[in-house]
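Following: one structure in structure tokens, then a few remarks.
Read-outs: derived from the displayed coordinates by stated rules, not from any lab. In this text, all values refer to a predicted model and were calculated from it rather than measured experimentally. As a convention, Cβ positions derive from the backbone with ideal geometry for all residues, glycine included, and neighbour counts pool all protein chains shown.
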Amino acid sequence: MSELALWNAAQLVTLAGPPRARTGREMRELAIVPDGAMLVRDGRIQAVGRRADIEPLLSPAAQIVDAGGRIVLPGFVDAHTHPVFAGTRADEFEQRAEGATYAEIAARGGGIRSTVRRTREAGEDELLGLARRYREWFLRGGTTTIEAKSGYGLSLEAEAKILRVIRRLGNEGRLRYVPTFLGAHEIPDEYRGRLDAYVDLVVEEMLPRIAEEHLAEFCDVFCEPTVFPVEKARVILRAAQRLGMGIRLHADQFTPDQGACLAAELGAATADHLEWTGTAGLAALVAANVQPVLLPASVYNLGSPHYPAARPMIDLGLAVVLATDFNPGSSPTASMPMVLSLAATQMKMTPAESITAATINAAYSLRRGAEIGSLEPGKLADFTIHDCGDYRELPYFFGREPASAVYVAGVCIYSGNV
Ligand code: NIG
Ligand code: FE
């Protein structure tokens, strides 16, 4: 048996509460234990309380972790990322600084398609090496689980290659990965002008193989009038549902459209982005109990002033999630502390609401709510010691990664600021 006791946490931010995603005022309830302590056995949380409660339960061989008066949180659960790709798009970033738009760059063959060309050329081991580097960035930000999408292959062979890389990363055991198939991320060069033929390929060839090889738990589509319009997205997502996959979708990111309504119609787990979703779309999400995943870092990095309407969403009772959208084009950041900062300054979410959105709510959106996302007895001991004295400092000091130590299943995976 392995045993670990943590104590001397200025705030042990447990997020203990009902076994479901949190809504409305619940999003402000972090269930903090001041001067908190925690006992971990064989990777799972055994007890949470004060040092005096934990100490009598310890065996002599227990490892002691002194949090040193810092705060301790569940590891962040980043529920929307695109972490496996080759090359960067620093050249396009420069062009955008000079005035070009993301849509203009995409229309002339850049954007997602330029990353696809490079990712197709890369071998599986090469992609694995690149993705390992980004994995360390997530850990450094205090993240212990990510949802990881494919989407830079756009052929059966290349999509399967990316998903195998995600599986290998997960098996390496540092960061947890939840795989999502995003074969409908763009129309590849060889299918330009032949949208129907590409949708057939996704539905008839890619999805059955991905499902058969258990390469993905979820299926996502970039639902946008000029990419995969609602009618096409519906066909793909229904096919995925018939194969037993959960549904998430990129909805209403650049255009006021019916993406949120489609997510509601299909009973999707999440509708992501929602920058342009109107009142009817939000009402549909409420009625169907779909979780919004908000991605303010991509709005920021694209230089747009148009952030999603987090406050009305919370007021309507939606179980909001925050994520990085880490990808080489619209959001090259793996930092959840940065996302928390943007949520406060640009979307008026309180620090407590954004911590809930980045932990327990995100975990439920990935069907992992019973295992991760809060520090409660029985759950996996995925936690981070942040170099702060108060949880509000997490979004307040911005532009730094405050994690001092990151634990996955009770094992120290990363140690930084001391
Ligand atoms: O979520 N919009 C679609 N997908 C990504 C961007 C991917 C890329 O530019 O490479 C997003 O913003
Ligand atoms: Fe995305």
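Points to keep in mind about this one:
- The relative contact order of the chain, computed from alpha carbon pairs under 8 Å that lie at least 6 residues apart in sequence, is 21 percent.
- For ARG70, residues with placed amide H under 5 Å, excluding near neighbours: ALA10
- Cβ-based charge dipole, the chain, positive-most Cα from GLY17, LEU322, TYR396: GLY17
- Note that region 152-168 has calculated 3J(HN,Hα) couplings of 10, x, 6, 9, 4, 4, 6, 5, 5, 4, 5, 5, 5, 4, 4, 4, 5 Hz, one per residue in order, obtained from phi through the Karplus relation 6.51 cos²θ - 1.76 cosθ + 1.60 (θ = phi - 60°); glycine and proline are x.
- The charge dipole of region 257-356, taken about its Cα centre with unit charges on the Cβ of Lys, Arg, Asp and Glu (plus for the first two, minus for the last two), comes to roughly 200 debye.
- Couplings 3J(HN,Hα) for region 89-98, derived from phi with the Karplus relation 6.51 cos²θ - 1.76 cosθ + 1.60 (θ = phi - 60°), are 10, 4, 5, 5, 4, 4, 4, 5, 5, 8 Hz, where x marks Gly and Pro.
- Packing-based ranking of 3-14, 163-174 yields 3-14, 163-174, ordered from highest to lowest mean Cβ neighbour count within 10 Å.
- Burial order of peptide ranges 383-390, 195-202 (average beta-carbon count within 10 Å, highest first): 383-390, 195-202
- Share, in percent, of DSSP beta bridges within the chain that are antiparallel, nearest 5: 45
- Rounded to the nearest whole Hz, the Karplus-based 3J(HN,Hα) values (6.51 cos²θ - 1.76 cosθ + 1.60, θ = phi - 60°) of region 39-55 follow the sequence 10, 10, 10, 6, x, 10, 6, 9, 7, 9, x, 9, 4, 5, 6, 7, 4, with x at glycine and proline.
- Scanning residues 5 or more positions from ALA403 or on other chains, those with amide H under 5 Å from its amide H are ASP387, with H placed 1.01 Å from N in the peptide plane.
- Loop-located GluC sites (Glu not before Pro) in region 65-142 (DSSP state not H, G, I, E or B) with no more than 14 neighbouring Cβ atoms inside 10 Å: GLU98.
- Euclidean distance between Cα centres, region 185-215 to region 158-178, Å: 20
- Placing a pseudo-label 7 Å from each Cα along the Cα-to-Cβ vector at GLU121 and SER2 gives an inter-label distance of 4.1 nm.
- Euclidean distance between Cα centres, region 272-317 to region 33-49, Å: 35
- Basic side chains Lys and Arg get +1 at the Cβ, acidic Asp and Glu get -1 at the Cβ, and with that the dipole of region 76-365 about its Cα centre reaches some 540 debye.
- Anisotropy class assigned to region 285-418 is oblate, per the alpha carbon gyration tensor with a/c at or over the 1.5 cut-off and a/b no larger than b/c.
- Taking 0.36 nm per residue of separation and subtracting the current Cα-Cα distance, fully stretching the chain between ALA280 and GLN63 would add 72.8 nm.
- Projecting the Cα atoms of MET245, LEU201, LEU156 onto the charge dipole of region 118-258, computed from C-beta unit charges around the Cα centre, puts MET245 farthest toward the positive end.
- For region 36-61, backbone nitrogen atoms closer than 13 Å to the point 7 Å from VAL411 Cα along Cα-to-C-beta are found at 42-44.
- With q set to 0.06, 0.09, 0.11 Å⁻¹, the log10 of I(q)/I(0) for the chain, from the Debye formula over equal scatterers at the Cα positions, is -0.23, -0.51, -0.77.
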